[in-house]
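The values are calculated or read from the model by the stated rules, or taken from the named source; none is laboratory data. Small disclaimer: the values here were computed from a predicted structure and weren't measured. Using ideal geometry, Cβ is built from the backbone for each residue, glycine included, and neighbour counts are taken over all protein chains shown. Remember, those area values only see protein heavy atoms, side chains included, never the ligands or the DNA or RNA. Shrake-Rupley method; radii C 1.70, N 1.55, O 1.52, S 1.80 Å.
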Amino acid sequence: MITLNFKLPRRHFMLQVNCQLPSSGVTAIFGRSGCGKTSLLRAIAGLEPSCQGLISFQQQHWLAGKTAIPIHQRRIGMVFQEASLLAHLSATDNLLYGYKRTPAAEQKLQPAQVIEMLQLAPLLALDLEQLSGGQRQRIALGRALLTSPQLLLIDEPLTALDAPSKQEILPYLQHVARQCQIPMLLVSHQLDDIVQLADYIMLLEQGEVISQGELQQQLNLAQFAAFGAMSVLHCQVMPNPEPLHIYSHNYAHNYNQDADLLTLQLGEQKLQVAAPLHLQNQQHKAQLKECRLRVQARDVALSLAKLEHSSVSNQLTVIITGMRDAEHPAEVLVQLMVEQQPLQALITKQSAKRLKLAVNMQLYAQIKAVAIH
Ligand SMILES: Nc1ncnc2c1ncn2[C@@H]1O[C@H](COP(=O)(O)OP(=O)(O)OP(=O)(O)O)[C@@H](O)[C@H]1O
């Protein structure tokens, strides 16, 4: 557990945190600009001398009253918005900066492992000026990992980057989250980053924690209403089946779906979805064993019978577990269960009545579009 019970004065408010966070997996800290997210991470890192109270990590007191243990003894890895590589050092020296200063007994991760995991080898031959924003972030992430930290603090590593650079760093953060077993606190404004990476979400407003909990539960809160009702499905990635034969009226050909489609297993059922662009990198594709699908409730349609002549290829057998009022009075949010995972469909009340929908009914959900993570 990470126990936080401290106060930190800010210019317009007091950052006042009293909560416990899991000391495993990825916890996302979400909130409006200026609500205190960076200050929270800085306090945990020991960078805010005016912070008072208690900060403890798995029984170690990092801050107790005014007594604070020094930053290096907290063994924290940090990646902040702008990758702050040291300009007078080469890419390799930047990468190894923390590693060389970590006592041998604590060096759990070795350079070769990190270079392989983050695909850093081609970058280490370049001058710092030749590196893109995403590549600098990758080196900063590698540098943080090579201190073998007990906690990683990541402050919006993606917002400062343009879209292609984001694709460069995001899959690596996913590998780190899955492979390294280092707990991570991640500050982000981006819903997709959160859905991709987080297991747990903490919501901050004007310096106060207003809610915390598991990803799906938090996504149902009013603070996320602007993004629309959604569900997150956890799937296994399957090897692609034989090439698909596509027929049009005057030709037939094999479509090489390997590059473009992902086949996913959801319990006993299968889905096929368009592969995200970063999976054109074969190493990422090979490493991807599981993924998360963000499914907007408005992209789920329901039918009593399986649709035969439809462009929608993803039809899942589901069971209705409940109905909830939607924001619009003419609509209803149908709560479904698919292979023991919750899924929501947003349909009109008129359709619900016409189909005589009721709890425990089995039917088919057509998923029209998904965001993949
Ligand atoms: N050293 C400081 N002393 C006093 N107030 C500060 C200090 N640093 C930041 N602040 C103020 O504290 C508030 C919270 O800032 P912080 O950077 O923690 O927010 P944030 O949620 O991370 O914002 P953003 O999402 O825009 O990065 C802001 O009003 C900021 O001006």
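Taking residues in the stretch 144-172 that are assigned by the TED database to the domain that holds LEU109, and partners anywhere that are at pLDDT 90 or above and among the aromatic types (Phe, Trp, Tyr), the pairs with Cβ atoms closer than 7 Å and at least 6 places apart or on different chains are LEU146/TYR99; THR147/TYR99; GLN150/PHE57; LEU151/PHE57.
Consider LEU63 carefully, then state whether it is out of contact with any Gly (no Cβ under 7 Å at 6 or more places or on another chain), of a type in the set (A, V, I, L, M, F, W, C) and either assigned by the TED database to the domain that holds ALA198 or away from the ligand (no atom under 16 Å from the Cβ) (or both). The answer is no for LEU63. Residues that are open to solvent by 10 Å² or more (accessible area, probe 1.4 Å) and either hydroxyl-bearing (Ser, Thr, Tyr) or more than 10 Å from the ligand (Cβ to nearest atom) (or both) within the stretch 1-13 comprise MET1, THR3, ASN5, LYS7, listed in sequence order.
Evaluation of SER90 against the conditions (1) within 16 Å of the ligand (Cβ to nearest atom); (2) open to solvent by 20 Å² or more (accessible area, probe 1.4 Å); (3) within 30 Å of SER132 (Cα to Cα) shows that the sole unmet condition is (1).
Checking every residue in the stretch 73-83 against the condition of being open to solvent by 60 Å² or more (accessible area, probe 1.4 Å) and over 20 Å from ARG138 (Cβ atoms) gives at least one match.
Residue by residue, here is whether (1) within 20 Å of GLN113 (Cβ to Cβ); (2) in contact (Cβ under 8 Å) with a residue 24 or more places away in the chain; (3) open to solvent by 10 Å² or more (accessible area, probe 1.4 Å) holds:
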site	(1), (2), (3)
HIS175	yes, yes, yes
GLN181	yes, yes, yes
VAL195	no, yes, no
VAL209	no, yes, yes
GLY213	no, no, no
GLN217	no, no, yes
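Among the residues making up the stretch 22-55, those that are within 12 Å of the ligand (Cβ to nearest atom), of a type in the set (S, T, N, Q) and open to solvent by 30 Å² or more (accessible area, probe 1.4 Å) are SER33, THR38, SER50.
Among the numbered conditions (1) open to solvent by less than 60 Å² (accessible area, probe 1.4 Å); (2) at pLDDT below 90; (3) part of a helix (DSSP H, G or I), the only one that ARG136 does not meet is (1). Of all the criteria given as (1) over 23 Å from the mean Cα position of the chain (by Cα); (2) among the β-branched types (Val, Ile, Thr); (3) crowded, with 16+ Cβ neighbours inside 10 Å, the one not satisfied by VAL370 is (1). Is it the case that GLN265 is open to solvent by 70 Å² or more (accessible area, probe 1.4 Å), part of a strand (DSSP E or B), over 30 Å from CYS35 (Cβ atoms) and modelled with pLDDT of 90 or more? Here the answer is no, as GLN265 does not meet what is asked. Elements of the type helices (runs of 4 or more DSSP H) sitting completely within the stretch 70-124 and holding at least 2 residues that are more than 19 Å from LEU47 (Cα to Cα): these cover 91-100, 111-117, 121-124.
So, of the residues in the stretch 183-193 that are in contact with a strand residue (DSSP E or B) (Cβ under 9 Å, 6 or more places away or on another chain) and outside any helix (DSSP H, G or I), which turns out to be surrounded by the most Cβ atoms within 10 Å (Cβ to Cβ)? Taking the candidates together, the pick is LEU186.
Based on what the data block shows, is CYS19 open to solvent by less than 50 Å² (accessible area, probe 1.4 Å) and near the ligand (Cβ under 7 Å from one of its atoms)? So CYS19 does not fit the description; no.
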